[in-house]
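Asks: Before I ask anything, here is the structure I am working with.
The numbers here are math on the coordinates, done by the rules we state, and not lab data. In this text, all values refer to a predicted model and were calculated from it rather than measured experimentally. Every residue, glycine as well, gets a Cβ built from its backbone with ideal geometry; the counts of neighbours run over all protein chains shown.
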Amino acid sequence: MIILGIETSCDETSVAIVKDGRFVLSNIISSSADLFIEYGGVVPEIASRKHVEFILPVIKKAIEEAKINKKDIDAIAVTQGPGLVGALLVGITAAKAMAMALDIPLIPVNHLKGHIAANYITYPKLEPPFACLLVSGGHTNVLSIEDYDMVKNLGGTRDDAVGEAYDKVARVMGLDYPGGPKIDKLAQKGNPEAINFPRTHFKDNPYDFSFSGLKTAVINYINNKNQKNEEYSKEDVAASFQKAVTDVLVQAIFHTNSKVIAVAGGVAANSGLRNALKERGEKEGVEVYFPHINLCTDNAAMIAGAAYYIKEDDFDINADSSLEL
Ligand code: KG4
Ligand code: ZN
């Protein structure tokens, strides 16, 4: 079964060809992220216009690189949401046109299910059930993956998503968008015990998170130093912030007592989180899986991969910016 996947939920225009849900024949990503450095974040209208510009060349390149014929494609998969509505519509419109022209099914995919499926591609033998820590720019959740199409949400953030907190702290530190990877790099050279930033836990749900207090504490620390004209170590701030984030995420996902844990979403690329989960997993005999680093952030291979396990196709879909799992 060969599926062509299209992902345009944010600032990456991506098209991929995936065989049987797990084998990537091509995965082309054209990002407009560089354009957003001067704005400090994605500008939805510019992102939509860039998708319109990129989508056809990226489709063409994905088919060429996979060395297949258009007639070999069995279905088209597309991200339906969550995401920026104008951006999603570009992918959906292209997907509908292709499905109609080739007379094949159109499979709508939830972007978050795509992030989970990045693990199936990276580990062809991985199968549900497992516990999943979903950490992206818009989401932070602890999920129980009971089956391919059965996902239970155990809890999530009550305010900022973890990637969002990374990007906001990075902005105050004068780092370019997207700031997550830059903080990660700085953190590797800093002392994680230098500053004791707050960790928030909720008694009524061990799987709920709050990162806005932590974010504010880091921003206050930096502003304070700036006001007093005092030097501070960006490396230590980054490392201490990253340690506070990692501590709460690791504690929550291990609270599930699952023997198999998978991480999904852009922040799954974070070195501190990867190391901390691996270390704890080894200590407690828990298998811990992370997607290949290229599959952590937004890409279409994960969308085509997820579609393989979705039984319903639907030609009449519309974009849903706040689609839930
Ligand atoms: O999953 P994703 O590509 O997009 C959404 O669906 O939101 O995640 C993007 C987020 C951004 O906030 C980015 O700063 C963060 O993932 N991110 C990281 C790292 N790489 C990407 N955060 C921390 N450390 C990283 N290495
Ligand atoms: Zn994403």
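Asks: In degrees between 0 and 90, to the nearest 10, how far off the longest principal axis of the chain does helix 234-254 point, with axes built from Cα atoms?
Replies: It works out to around 60 degrees.
Asks: For Asn205 and Asn69, what is the calculated FRET efficiency with R₀ set at 30 Å and r taken between the beta-carbons, to the nearest 0.05?
Replies: It comes to 0.05.
Asks: For segment 128-293, give the share of DSSP beta bridges that are antiparallel, in percent and rounded to the nearest 5; count only bridges with both residues there.
Replies: 60
Asks: In what sequence do Ser26, Ser271 fall when counting other Cβ within 10 Å, fewest first?
Replies: In order of increasing Cβ crowding within 10 Å: Ser271, Ser26.
Asks: With angles folded into 0 to 90 degrees, how steeply does helix 44-66 sit against the dominant principal axis of the chain? Use alpha carbons for both and round to 10.
Replies: The answer is roughly 60 degrees.
Asks: For the chain, take the longest principal axis of its alpha carbons; what is the angle in degrees between that and the long axis of helix 85-102, to the nearest 10 within 0 to 90?
Replies: Tilt of helix 85-102: around 20 degrees.
Asks: What are the semi-axes of the equivalent ellipsoid for segment 62-140, taken as the square roots of 5 times the Cα gyration tensor eigenvalues, largest first, in whole Å?
Replies: 25, 19, 11
Asks: Projected onto the charge dipole of segment 254-325 (+1 at Lys/Arg Cβ, -1 at Asp/Glu Cβ, origin at the Cα centre), which of Gly265, Met302, Phe254 gives the Cα projection farthest towards the positive end?
Replies: Of the candidates, Phe254 comes out farthest on the positive side.
Asks: Can you quote the Å³ per residue value for the convex hull of the Cα atoms in the chain, rounded to an integer?
Replies: Output value, Cα hull per residue: 125 Å³.
Asks: Could you work out the longest stretch of the chain that avoids the GluC sites (Glu not before Pro) located in DSSP loops with at most 15 other Cβ atoms within 10 Å?
Replies: Excluding the exposed sites themselves, the longest stretch runs over 39-192.
Asks: Would you please name the trypsin sites (Lys or Arg not before Pro) within segment 238-325 that are DSSP coil residues with at most 10 other C-beta atoms within 10 Å of their C-beta?
Replies: Lys311
Asks: Compare the Cα positions of Ala161, Thr216, Ile2 along the charge dipole of the chain (+1 at Cβ of Lys, Arg; -1 at Cβ of Asp, Glu; about the Cα centre) and return the one farthest towards the positive end.
Replies: Thr216
Asks: Whole percent per 5 Å bin, from 0 to the bin with the longest distance: what is P(r) over all C-alpha pairs of segment 128-293?
Replies: Values per bin, smallest distances first: 2, 9, 18, 22, 20, 14, 8, 4, 2, 1, 0.
Asks: In whole Å, what are the Cα extents of segment 1-129 along the three principal axes, biggest one first?
Replies: 41, 37, 23
Asks: What order do you get for Phe254, Phe130, Phe315 when you list them from fewest to most C-beta neighbours inside 10 Å?
Replies: Fewest to most other Cβ atoms nearby, the residues stand as Phe315, Phe254, Phe130.
Asks: Now for a separate question. From Cα pairs below 8 angstrom and at least 6 apart in sequence, can you work out the relative contact order of segment 128-293, rounded to a whole percent?
Replies: 27
Asks: Mind giving me the nanometre distance, one decimal, between the label points for Leu56 and Val85, set 7 Å out from Cα along Cα→Cβ?
Replies: 2.7
Asks: Right, another one. If you put +1 on each Lys and Arg Cβ and -1 on each Asp and Glu Cβ, how big is the dipole of segment 123-212 around its Cα centre, in Debye rounded to 20?
Replies: 400
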